[in-house]
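Some notes on the structure that comes next.
The values are calculated or read from the model by the stated rules, or taken from the named source; none is laboratory data. All figures in this text were calculated on a predicted structure; none of them were measured in a lab. A quick note on method: Cβ atoms are made from the backbone with ideal geometry, for glycine too, and the neighbour counts reach across all protein chains shown. The accessibility values were calculated without ligands, DNA or RNA, using every heavy atom of the protein model including side chains. Shrake-Rupley method; radii C 1.70, N 1.55, O 1.52, S 1.80 Å.
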Amino acid sequence: ALAILPFGTANVLAHELALPRRPEALADVIRRGRTADLSYGVANGRPFVLMVSTGYDAAVVHAIPRAMKRRFGKLAYLITVFRLAFRPRTPDVEVTVDGERLTCRLAVATNISRYGGPFVVCRSESALRPGLHLIALQRDDPLAILRFGCALLTGRIEKARDIVILPMREGRFDAAAPVPCQIDGDTFGTTPVEIAAERRQVRVVVP
C-alpha cells in the first residue's frame, strides 16, 4: 500500500484522507496498516489524484514565482489572485462532460472533496470513491472571484451563484485559444485537455 507523507504548501490530499501532521502520529497510522482504495483520474494520459483545471486558478498557478511560493506559502496564492484580478480576459472555456456541453470561465475536474487545503468544494466527491465531479465557474470578474472565495471559506460552494457542479466520468476542456491548465497544483501546459476517471484504484494507508 501507498503511505502519504504530507509535505507541501496546502497538503490537500492529507486533508482529504484526514492524515495527522505530527510525525509520531503519522508513523503510528502507517504501523497500524489500515488501507482503503484511492481513486484517481487521467488528464492527457497523466494520472492525477486531486484535480485538473483550466482558467483563472490555473493562471494563478502559472503566475506564482517559485521564490514567492517558498517564502510566503499559501499567502503567495492570495497575492497572485489579486494581482491577476484585472488581467486581460482569456477565451471562454468550452467543456464537454459525458456528452453535455457548456461554456464557462473556470473548469475543474476534481477527484476530491477539498480545494486549497481544508476547504470543502464538493461534498459529493471523495478520493476514496470512483468517479470525478466537474466544478464550473461561469464568471471570473473580481466580484465573482470574491463571491467564490467567500463561498469556499464558508463551505457554501454548492449554493453559490454562477457555479455548476456535475458528476463526470470523462470530459474535455478546450478554448478558442490556449488557456493555462494545472494538475494537482502544478502547471500543466494549456488547453485542450482530455480527462477521464480511471477504473483502477491504488491501495493507500488511512487513519
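Within segment 98-141, if we keep just the residues that are of a type in the set (A, V, I, L, M, F, W, C) and touching a Lys or Arg at 6+ places or on another chain (Cβ under 8 Å), the residue that is most open to solvent (accessible area, probe 1.4 Å) turns out to be 120.
Among what's in segment 23-63 and is open to solvent by less than 20 Å² (accessible area, probe 1.4 Å) and without any contact (Cβ under 8 Å) to a residue 40 or more places away in the chain, pick the residue that is farthest from residue 195 (Cα to Cα). Step by step, filter segment 23-63, then rank; the result is 26.
For first residues located in segment 128-146 and outside any strand (DSSP E or B), partners that are buried (at least 19 other Cβ atoms within 10 Å of the Cβ) and aromatic (Phe, Trp, Tyr) and lie 6+ apart or on another chain with Cβ distances below 6 Å form the pairs 140/56.
Quick check on my filter: what residues within segment 27-61 are among the hydrophobic types (A, V, I, L, M, F, W, C), within 22 Å of residue 152 (Cβ to Cβ) and not in a helix (DSSP H, G or I)? Passing the criteria: 48, 49, 50, 51, 52. Among residues that are crowded, with 16+ Cβ neighbours inside 10 Å and of a type outside the set (A, V, I, L, M, F, W, C), residue 147 is included. When we screen 202, 164 for residues that are surrounded by fewer than 17 Cβ atoms within 10 Å (Cβ to Cβ) and closer than 14 Å to residue 107 by Cβ, the only hit is 164.
Kindly provide the set of residues from segment 102-159 that are over 27 Å from residue 87 (Cα atoms), among the aliphatic types (A, V, I, L, M) and touching an Asp or Glu at 6+ places or on another chain (Cβ under 6 Å), ordered by number. Those that are over 27 Å from residue 87 (Cα atoms), among the aliphatic types (A, V, I, L, M) and touching an Asp or Glu at 6+ places or on another chain (Cβ under 6 Å): 112, 127. Those residues that are in contact with a Leu (Cβ under 7 Å, 6 or more places away or on another chain) and either within 26 Å of residue 201 (Cβ to Cβ) or outside any loop (DSSP other than H, G, I, E, B) (or both), I need them from segment 147-162; list them, please. Passing the criteria: only 148.
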